[in-house]
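**Q** For reference, the structure I am asking about is given below.
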Amino acid sequence: MAMDAERRQAELIGQFSAQAAALSSAPQLAALVLEATSHPALFAFSELLALPALTKLAGTQYASSLDLLRLFAYGTLKDYKSNSGSLPALLPDQVRKLKQLSVLTLAESTKVLPYDQLMQELDVSNVRELEDFLINECMYSGIVRGKLDQLRRCFEVQFASGRDLTPDQLNNMIDTLSDWLGTSDSLLHQIQEKIKWADTMSEVNKKHQKEFEDRVEEAKKSIKADIDLRGHDDFLSESGGIMDFEEDRIRPKRRRQPMA
C-alpha cells in the first residue's frame, strides 16, 4: 500500500510538472499552485517548488502563490495563521490539506501526540471533531496509521508519511550520509585487511601442516627402516642364545665333593 501511495505521488508530481512547463503566464501558474495544493492525494511539493517555470511568479502580483507553495512544502497550519496577511486565502480543501500536513510534521518529532496539542495545532475545538479528522482525513487517506487512546487522550502514531525536506534538513542529511559513507568505507577497508590477514595465515598454516606431515612421514620411514634392521639382528642374536642354552643342557654337570 505504501508503494502504491508513493507511485501515486510520483505520478501527480509528474503531471503537475508537465503542466507547469507548458504554461507561460503568471496567472496560469498561480492557478496551477492552487490546484496542486488542493489536490486530495498530493502531499509533496518541493519538486514543484524547484521547477524553473514557477520562478516566473517571483516579482509579480502572484508571488504570494509561490510563498504559499513553499508553505505547503515545509510549513503547518500554525505557520499559515502567523503569516496569513501576506498569503492568499485558503480554500476548504487547502485548509484540510494543511491540517493533514501539520499532523505529519508533529509525527516526525514524537509518536505519542496529546489531544490537547493536536486540537491547538489543528484549530479544532473538541475531541470528537479531532478524532473524526484523524480517522477520516489521516488514517483513511493512508498518510498515517495509529491508535486513538481516549483514556489517555492521545494519538499513538505507528506510521506516518514523510514530508518534504527543507534545504537545511537536506544538507544535514547529506552530511549524515557522507559521514556514514566514510565510516562504511573505513570499516570495509578494515574487513578487507582482516580477510587478507586470514588468507595469509591460512596459507602459512597449510605450509606448516604440510611440513609437519612431511616430517611425520619421514619419521615413519626412519622408524620402519630401523625396526626392520634391528629386527634382523635380534633374530640372529636370539638364535645364538638358543644354541648356547642347548649346549649347557647336554653338558654333564660336575658333582660336588663332600666336605671333610
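The values are calculated or read from the model by the stated rules, or taken from the named source; none is laboratory data. Since we're looking at a predicted model, the values are computed, not measured. With ideal geometry, Cβ positions are generated from the backbone for all residues, glycine too; neighbour counts draw on all protein chains shown. To get the accessible areas, we keep the full protein, side chains included, count just its heavy atoms, and leave off ligands, DNA and RNA. Shrake-Rupley method; radii C 1.70, N 1.55, O 1.52, S 1.80 Å.
**Q** On the basis of being at pLDDT 85 or above, in a helix (DSSP H, G or I), closer than 30 Å to Ala5 by Cα and touching a Phe, Trp or Tyr at 6+ places or on another chain (Cβ under 8 Å), does Leu148 make the cut?
**A** For Leu148, the condition - at pLDDT 85 or above, in a helix (DSSP H, G or I), closer than 30 Å to Ala5 by Cα and touching a Phe, Trp or Tyr at 6+ places or on another chain (Cβ under 8 Å) - is not met.
Matching residues to (1) assigned to a helix (DSSP H, G or I); (2) within 19 Å of Gln100 (Cβ to Cβ); (3) touching a residue at least 12 places away in the same chain (Cβ under 8 Å):
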{"residue": "Met119", "(1), (2), (3)": "yes, yes, no"}
{"residue": "Ser125", "(1), (2), (3)": "no, yes, no"}
{"residue": "Glu129", "(1), (2), (3)": "yes, yes, no"}
{"residue": "Arg163", "(1), (2), (3)": "no, yes, yes"}
{"residue": "Met201", "(1), (2), (3)": "yes, no, no"}
{"residue": "His208", "(1), (2), (3)": "yes, no, no"}
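**Q** Residues of the range 57-77 being open to solvent by less than 10 Å² (accessible area, probe 1.4 Å) and among the basic types (Lys, Arg), which ones?
**A** none
**Q** Please tell me if Ile227 is part of a helix (DSSP H, G or I), modelled with pLDDT of 85 or more and among the aliphatic types (A, V, I, L, M).
**A** Numbers: part of a helix (DSSP H, G or I): yes; modelled with pLDDT of 85 or more: no; among the aliphatic types (A, V, I, L, M): yes.
The answer is no for Ile227.
This table checks each residue for (1) open to solvent by 90 Å² or more (accessible area, probe 1.4 Å); (2) within 22 Å of the chain's Cα centre (by Cα).
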| site | (1), (2) |
| --- | --- |
| Cys138 | no, no |
| Ser141 | no, no |
| Asp168 | yes, no |
| His189 | yes, yes |
| Val204 | no, no |
| Arg215 | yes, no |
| Glu218 | yes, no |
| Lys221 | yes, no |
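**Q** When both residues are 6+ apart or on different chains and their Cβ atoms are under 8 Å apart, which pairs have a first residue that lies in the range 15-34 and is more than 17 Å from Gln61 (Cα to Cα), and a second that is open to solvent by 60 Å² or more (accessible area, probe 1.4 Å) and among the hydrophobic types (A, V, I, L, M, F, W, C)?
**A** From the range 15-34, no pairs qualify.
**Q** Can you name the number of the only condition in (1) farther than 22 Å from Thr166 by Cβ; (2) assigned to a loop (DSSP other than H, G, I, E, B) that Phe43 fails?
**A** Only one criterion is unmet by Phe43, namely (1).
**Q** So Lys99 clears everything in (1) at pLDDT 95 or above; (2) at positive phi except one condition, right? Which one?
**A** The number of the failed condition is (2).
**Q** Is it fair to say Leu12 is farther than 19 Å from Leu87 by Cα, touching a His at 6+ places or on another chain (Cβ under 7 Å), surrounded by 15 or more Cβ atoms within 10 Å (Cβ to Cβ) and not aromatic (Phe, Trp, Tyr)? Talk me through it step by step, then tell me what you get.
**A** Values: farther than 19 Å from Leu87 by Cα: yes; touching a His at 6+ places or on another chain (Cβ under 7 Å): yes; surrounded by 15 or more Cβ atoms within 10 Å (Cβ to Cβ): yes; not aromatic (Phe, Trp, Tyr): yes.
Criteria met by Leu12.
To keep it simple, each residue is scored yes or no on (1) touching a strand residue (DSSP E or B) at 6+ places or on another chain (Cβ under 6 Å); (2) outside any loop (DSSP other than H, G, I, E, B); (3) not β-branched (Val, Ile, Thr).
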| position | (1), (2), (3) |
| --- | --- |
| Gln28 | no, yes, yes |
| Thr37 | no, yes, no |
| Leu48 | no, yes, yes |
| Ala53 | no, yes, yes |
| Gly59 | no, no, yes |
| Ser64 | no, yes, yes |
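**Q** Out of the range 78-92, which residues are farther than 23 Å from Met119 by Cβ and not in a loop (DSSP other than H, G, I, E, B)?
**A** If the condition is that a residue be farther than 23 Å from Met119 by Cβ and not in a loop (DSSP other than H, G, I, E, B), then Gly85, Ser86 are the ones that fit.
**Q** So if I check each of Leu29, Leu49, Leu54, which one is within 22 Å of Leu104 (Cβ to Cβ) and open to solvent by less than 60 Å² (accessible area, probe 1.4 Å)?
**A** Answer to the selection: Leu49.
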